[in-house]
Amino acid sequence: MRILAFDFGASSGRAVLGEFDGEKVTMKELHRFANEPVEMGGELYWDFPRLFHELKRGIAKAESEGGADSISVDTWGVDFGLLDKDGRLLSNPLHYRSALTERAQEELVKTMSGEALYEETGIAFNKYNTLCQLVMLQKREDAALKIARRALFMPDLFTYFLTGNAVCERSIASTSQLLRAGEPAFSDKVRRAYGLKRLFPKTVPSGSVAGMLREEIFREMHLKKSIPVIAGLGHDTGAAFFAAPAESENAALLSSGTWSVFGAMIDKPILTKEAEKSGYTNEIGFGGKVRFLRNIVGLWIIQECKRSWEKAGISLSFAEIAAGAEKVAPGRFYIDPDAEEFFAPHDMPKKVEAYCEKSGGAVPKTVFEIARCVYDSLAMAYKRSLLDLQTLTGKRFNVLHIVGGGANNEMLNRAVAQTLGIRVTAGPTEATALGNILCQLAALGAVHGEEEAHRIARRSCEVKEYFPE
């Protein structure tokens with residue numbers, strides 16, 4: 001079977017063709033493109049028309065490679081597009097880093113406390129959540145929101161313009177702070193409390209067939225056959241966790257990329273005050289299991305540092321940055337990656353230096369000292385997350401599976417194994433695309449359940465191991 005996965009990340013997107021022989025998946029990247037938000041009129045937007053154009057280019061390239069048996073799209077969480085009564089996109093979707101939600105939490109707690117929201121939705125209170133975006137759009141009497149008849153999360157928006165069918169896939173909907181905790185239904189309690197319109201369709205399980213490609217796309221791409229579009233694991237973290245080569249329930253999971261997402265798969269949501277205070281969130285995974293996780297600002301900091309260094313004429317690859325950082329003595333510098341100043345782009349090296357100076361610690365000055373500071377600080381953030389995870393779940397985790405692009409960073413992997421004091425595995429690096437493909441295979445009846453998906457993932461990729469020294 002030949003499966004086409006579109007994986008849209010916060011900075012780039014790609015089309016990956018997976019071929020399944022019944023034992024393992026072999027993947028080939030067909031198309032890669034930049035995903036650059038556009039700042040315009042004081043707002044930050046996703047360039048959805050451009051991304052949809054790139055998606056169609058990916059379909060065309062897949063056709064030239066022999067075609068595909070199905071298509072699915074995964075993206076980052078929380079963001080959405082608004083449609084009018086005729087199904088037209090009213091504006092480009094807002095970026096979750098938009099200044100719109102700067103004071104959202106202050107506004108929302110006037111109506112429901114953070115504790116009450118967590119008890120109802122199980123989602124950690126972040127200013128970029130879908131609920132925050134909707135409330136702040138409503139507060140400023142946004143024209144598009146007023147006339148909107150439908151809202152769709154980002155992967156569902158792509159699916160809609162591919163098929164003409166509006167669906168709401170559960171894994172992506174569960175990032176929104178709009179669903180009841182651990183359940184597939186939207187919370188009427190939250191909607192009524194904030195006076196929100198019913199904009200999203202009812203949710204469908206991950207791995208549902210959304211429909212066939214629109215006739216006009218079929219003709220435009222000169223396809224030989226129509227292709228089913230799957231509402232798969234639309235949230236990229238859900239897809240990445242699905243592809244983790246987990247061997248037991250005592251495995252912690254880390255999706256490492258622009259964001260670091262640390263957690264584990266559990267059977268039921270944990271809604272205690274301790275879970276809320278620890279910043280853990282309950283999202284829905286494949287088969288209705290709960291992704292119990294914490295979002296950590298991850299390699300975004302290094303990515304932004306690299307952009308600043310390049311502007312200053314210092315051109316280094318990520319591998320060169322990691323290699324140079326490993327030569328710096330560990331444990332000298334420290335930041336909290338989740339501190340507010342690291343959320344926004346621009347001048348990241350100066351922000352790292354300023355944080356260290358303000359906190360009274362040693363201040364990194366060179367490129368590699370700054371990089372070492374970031375890597376060590378991420379390892380410490382993972383250590384805190386592991387300790388909290390064990391306390392909240394009552395489990396002891398003896399292995400951490402790192403998946404995603406960050407699994408390529410051997411320097412960071414060694415630091416994580418040393419800091420956490422447990423075995424660490426790294427791979428698959430293409431976990432999101434692989435998870436997307438595996439979910440499509442499940443929708444087509446070729447893969448049966450999470451355990452089989454994990455076994456296929458182990459057979460399909462190289463996995464490296466690291467041990468504390």
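The values are calculated or read from the model by the stated rules, or taken from the named source; none is laboratory data. Just so it is clear, the model here is predicted, and its values are computed rather than measured. Positions of Cβ are generated from backbone atoms using ideal geometry, with glycine treated the same way; all protein chains shown enter the neighbour counts. The area values use the complete protein model at the heavy-atom level, side chains included, leaving out ligands, DNA and RNA. Shrake-Rupley method; radii C 1.70, N 1.55, O 1.52, S 1.80 Å.
Look at (1) open to solvent by 20 Å² or more (accessible area, probe 1.4 Å); (2) modelled with pLDDT of 95 or more and you find that Ala239 fails only one, number (1).
Is it true that Ser315 is free of Cβ contacts under 8 Å to residues at least 40 places away in the same chain, farther than 20 Å from Gly257 by Cβ and under 28 Å from the mean Cα position of the chain (by Cα)? Yes.
Is at least one residue of the stretch 400-411 open to solvent by 20 Å² or more (accessible area, probe 1.4 Å), in contact with a Phe, Trp or Tyr (Cβ under 7 Å, 6 or more places away or on another chain), in a helix (DSSP H, G or I) and charged (D, E, K, R)? No: zero hits.
Of the set (1) under 14 Å from Phe368 (Cα atoms); (2) in contact with a strand residue (DSSP E or B) (Cβ under 8 Å, 6 or more places away or on another chain), all apply to Ala252 but (1). Can you find, within the stretch 17-47, the residue that is farthest from Gly67 (Cα to Cα) among those that are more than 17 Å from the chain's Cα centre (by Cα) and of a type in the set (A, V, I, L, M)? Filtering first and then ranking leaves Met40. Taking residues in the stretch 408-431 that are hydroxyl-bearing (Ser, Thr, Tyr), and partners anywhere that are crowded, with 24+ Cβ neighbours inside 10 Å and assigned to a helix (DSSP H, G or I), the pairs with Cβ atoms closer than 6 Å and at least 6 places apart or on different chains are Thr429/Ala407.
Across the stretch 23-54, the number of residues qualifying as open to solvent by 40 Å² or more (accessible area, probe 1.4 Å) and more than 19 Å from Val73 (Cβ to Cβ) comes to 8.
Could you please find all residues in the stretch 64-78 being among the polar types (S, T, N, Q) and surrounded by 24 or more Cβ atoms within 10 Å (Cβ to Cβ)? The answer is Ser72, Thr75.
Condition check ((1) among the charged types (D, E, K, R); (2) closer than 30 Å to Met40 by Cα; (3) touching a Gly at 6+ places or on another chain (Cβ under 7 Å)) across all residues:
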residue: Glu65; (1), (2), (3): yes, no, no
residue: Asp74; (1), (2), (3): yes, yes, yes
residue: Val78; (1), (2), (3): no, yes, no
residue: Ser91; (1), (2), (3): no, yes, no
residue: Leu100; (1), (2), (3): no, yes, no
residue: Leu108; (1), (2), (3): no, yes, no
residue: Ile123; (1), (2), (3): no, no, no
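So, of the residues in the stretch 79-120 that are more than 23 Å from the chain's Cα centre (by Cα) and open to solvent by less than 10 Å² (accessible area, probe 1.4 Å), which turns out to be farthest from Leu145 (Cα to Cα)? Looking at the filtered set, the residue picked out is Leu108. Taken as a whole, the structure places Ser176 among residues that are buried (at least 16 other Cβ atoms within 10 Å of the Cβ) and either β-branched (Val, Ile, Thr) or within 24 Å of Val109 (Cα to Cα) (or both).
Kindly state which helices (runs of 4 or more DSSP H) lie completely within the stretch 82-178 and contain at least 1 residues that are touching a strand residue (DSSP E or B) at 6+ places or on another chain (Cβ under 9 Å). Answer list for the stretch 82-178: 114-121, 130-139, 143-147, 154-163, 170-173.
Select from the stretch 425-446 the residues that are assigned to a loop (DSSP other than H, G, I, E, B) and open to solvent by 10 Å² or more (accessible area, probe 1.4 Å) and list them in ascending order. Thr429, Glu430, Leu444, Gly445, Ala446, listed by residue number.
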